[in-house]
Amino acid sequence: MPKGRPNTMNNYGVLLHELGLDEPLVTPLRERFLQPLMALLYPDCGGGWLDSHRAFVVKYAPGQDRELGCHYDNAELTLNVSLGKAFTGGALYFGDLFQVPSTLAKPLEVEHVVGQGLLHRGGQLHGARPLGTGERWNLVVWLRASAVRNRLCPMCCRKPDLVDDEGFGDGFTREEPATVDVCALT
C-alpha cells in the first residue's frame with residue numbers, strides 16, 4: 001500500500017487520496033456539506049470558496065506519536081474528527097491566529113470526544129497535549145480556497161510562486177485568461 005506521511009508533523013497515519021477516497025468520499029463531503037456550512041460560519045476566510053482539500057487520518061499511541069506541538073495548518077479552515085479508539089489525555093489546545101502571535105500562556109483546551117469534530121481556522125495556533133493511555137485516531141481535513149491562497153500563501157504570507165503538481169496540490173490554481181464561447185461560423 002502507498003504510505004506518504006499525513007503532514008510534516010505526524011509520523012503515523014494515511015493520506016485518504018492514497019486509498020482512493022478523495023473522489024468518492026472527501027470531495028462530496030466538502031462540496032455538499034462542509035462548503036455551505038463554512039460559508040455561513042467563516043465567510044471572511046474563504047468559507048464560501050472552498051475548492052480543494054487535503055484529508056488524512058493520524059494515529060496517536062504510546063511508543064509512536066503521543067502529542068503534537070503548537071502549529072498552524074496549511075489550510076484556510078480545518079475539520080478535525082476524533083474517530084476513536086479508547087484513550088485518555090490528548091486534549092487539543094488553541095491560541096491566537098499565527099499572523100497575530102501572542103504567548104500561549106493560557107490557551108483554550110478542548111477534550112477530544114470520540115465521534116465529535118472541531119472546526120477551526122487553519123491559521124489558528126493549536127496542538128495536542130500528550131496522550132495518556134490507549135490509541136487516538138483522528139480524521140483531519142484541511143479545507144482550501146484557491147481564491148484566498150492565490151493572493152497570499154497561508155504558510156509564508158507572500159504571493160505564491162507556483163510549480164506544477166498533480167491532484168489538488170496545495171490548493172492553489174493558476175489564473176487563466178477569461179474566454180467566451182463564440183460561434184466559429186458567424
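The values are calculated or read from the model by the stated rules, or taken from the named source; none is laboratory data. These numbers come from a predicted model, not from an experiment. Because the Cβ atoms are built from the backbone with ideal geometry, glycine has one as well, and the counts that use them run over all protein chains shown. Heads up: the accessible areas ignore ligands, DNA and RNA and are worked out on the full protein's heavy atoms, side chains in. Shrake-Rupley method; radii C 1.70, N 1.55, O 1.52, S 1.80 Å.
Relative to the compact-globule estimate of 2.2 N^0.38 Å, the Cα radius of gyration of the stretch 6-62 comes out at 1.32. Here the Karplus relation 6.51 cos²θ - 1.76 cosθ + 1.60, evaluated at θ = phi - 60°, turns the backbone of the stretch 52-66 into coupling constants of 7, 7, 9, 10, 7, 10, 10, 10, 10, 7, x, x, 10, 5, 10 Hz, with x for every Gly and Pro.
For the stretch 10-113, the mean projected area of the C-alpha convex hull, equal to one quarter of the hull surface, is 8.0 nm².
Straight-line reach from Lys85: which lysines fall under 20 Å, measuring Cα to Cα and dropping same-chain residues less than 8 apart? The qualifying lysines are Lys59. For the set Val113, Val163, solvent exposure ranked by accessible area (probe 1.4 Å, protein chains only) runs largest to smallest as Val163, Val113.
Sequence-distant contacts, meaning Cα pairs under 8 Å at least 6 residues apart, place the relative contact order of the stretch 1-149 at 32 percent.
Cβ neighbours within 10 Å, averaged per peptide: list 48-58, 144-154 in order, most packed at the top. Please list the in-between numbers first.
Numbers: 48-58: 21.2, 144-154: 18.9.
Ranked from most to least packed, the peptides come out as 48-58, 144-154.
Along the stretch 76-88 the Karplus relation, 6.51 cos²θ - 1.76 cosθ + 1.60 evaluated at θ = phi - 60°, assigns HN-Hα couplings of 6, 9, 10, 10, 10, 10, 7, 8, x, 7, 7, 7, 10 Hz to successive residues, with x for each Gly and Pro.
Sorted from longest to shortest, the spans of the Cα atoms of the stretch 86-163 along the three principal axes equal 44, 28, 18 Å. Under 5 Å between amide hydrogens, built in the peptide plane, is the criterion, and for Leu97 it picks out Leu125 among residues at least 5 positions away or on other chains.
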